[in-house]
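Q: First the structure, then my questions, so here it is.
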Amino acid sequence: MNEAGKNISSLLLGQRFKTFVVGRRAYTVYSPSIKVICRAIGEFADIDIPEQGTLADMVRAVPGCSQKILRGIACLVAGNADGWEEVRDRIAGELEEGTPGEINGALNACVSLIQGSDFFACAALAMSVARMAATPR
């Protein structure tokens, strides 16, 4: 079975998930839907760290950035839950108890479930179908 087939079958069987620990609490994040990915990206897009700033400028930016990072991770953990906004806010509050290393591990776990190869395989298939439809017989 090719890699895309393995990814699809494991996704359908619910086998694509990661568990991470933050602040002595375990969280499980499942392979997110496109809608959930967009929610998380919306949070991550608001992160603003000065590229040419001083170290003091970067340190001052940390509180605002960390809240956006925590909310983005919480979006991915909450998934498509009913009342996802409340779930996201609750989880983000709990994640505040974590160390920077734990938060880094959580973000890495979440990002590892978002595989670009799945999107590229879909795009390639869609382009192939479009070419077949456009080719005169």
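Q: Kirkwood hydrodynamic radius, computed over distinct alpha-carbon pairs, for region 67-137: how many Å, to one decimal? Spell out each step's value before the answer.
A: Values: mean 1/r = 0.0684 Å⁻¹.
It works out to 14.6 Å.
Q: Tell me which residues come under 5 Å, amide H to amide H, from residue 22 once H is placed; ignore anything under 5 positions away on its chain.
A: 27
Q: Could you give the dipole magnitude of the chain about its Cα centre, charging the beta-carbon of Lys and Arg +1 and that of Asp and Glu -1, in debye to the nearest 20?
A: Numbers: 14 positive and 15 negative charges, 133 e Å.
The dipole magnitude comes to about 640 debye.
Q: So, one more: May I ask you to compute the full-extension gain from residue 35 to residue 97, defined as 0.36 nm times their residue separation minus their alpha-carbon distance, rounded to one decimal in nm?
A: Numbers: separation 62, 0.36 × 62 = 22.32 nm, distance 2.72 nm.
So the chain would gain 19.6 nm between residue 35 and residue 97.
Q: Here's a follow-up. Applying the Karplus parametrisation 6.51 cos²θ - 1.76 cosθ + 1.60 with θ = phi - 60° to the phi angles of region 84-101, what ³J(HN,Hα) value in whole Hz is obtained for each residue in order, glycine and proline being reported as x?
A: Whole-Hz 3J(HN,Hα) from phi for region 84-101: 4, 5, 5, 4, 4, 5, 5, 5, 4, x, 5, 5, 4, 7, x, 7, x, x.
Q: Could I ask something else about it? Whole-Hz Karplus ³J(HN,Hα) for region 75-82, in order, using 6.51 cos²θ - 1.76 cosθ + 1.60 and θ = phi - 60°, x for Gly and Pro?
A: 4, 5, 6, 5, x, 9, 4, 4
Q: What does the charge add up to near residue 98, with Lys and Arg as +1, Asp and Glu as -1, over the other residues with Cβ less than 13 Å from its Cβ?
A: Net local charge, residue 98 excluded: -2.
Q: Where in the chain is the longest stretch that carries no GluC sites (Glu not before Pro) classed as loop by DSSP and with at most 16 other Cβ atoms within 10 Å?
A: That gives 1-50 as the longest site-free run.
Q: Just one of (i) -0.41, -0.96, -1.07; (ii) -0.47, -0.93, -1.02; (iii) -0.51, -0.96, -1.03 is log10 I(q)/I(0) by the Debye sum over Cα atoms at q = 0.11, 0.17, 0.18 Å⁻¹ as worked out from the coordinates here. Which one is it?
A: So the calculated entry is the one marked (iii).
Q: Could you work out the relative contact order of the chain? I mean the mean sequence separation of Cα pairs under 8 Å and 6+ apart, divided by the number of residues, in percent.
A: 29 percent
Q: Another question, if that's okay. Can you tell me the length gained on complete extension of the stretch residue 108 to residue 132, counting 0.36 nm per residue apart and subtracting the Cα distance?
A: Gain on extension, residue 108 to residue 132, equals 4.8 nm.
Each reported figure results from applying straightforward, stated rules to the coordinates on display, with no laboratory input. These numbers were taken from a predicted model, which means no experiment stands behind them. Positions of Cβ are generated from backbone atoms using ideal geometry, with glycine treated the same way; all protein chains shown enter the neighbour counts.
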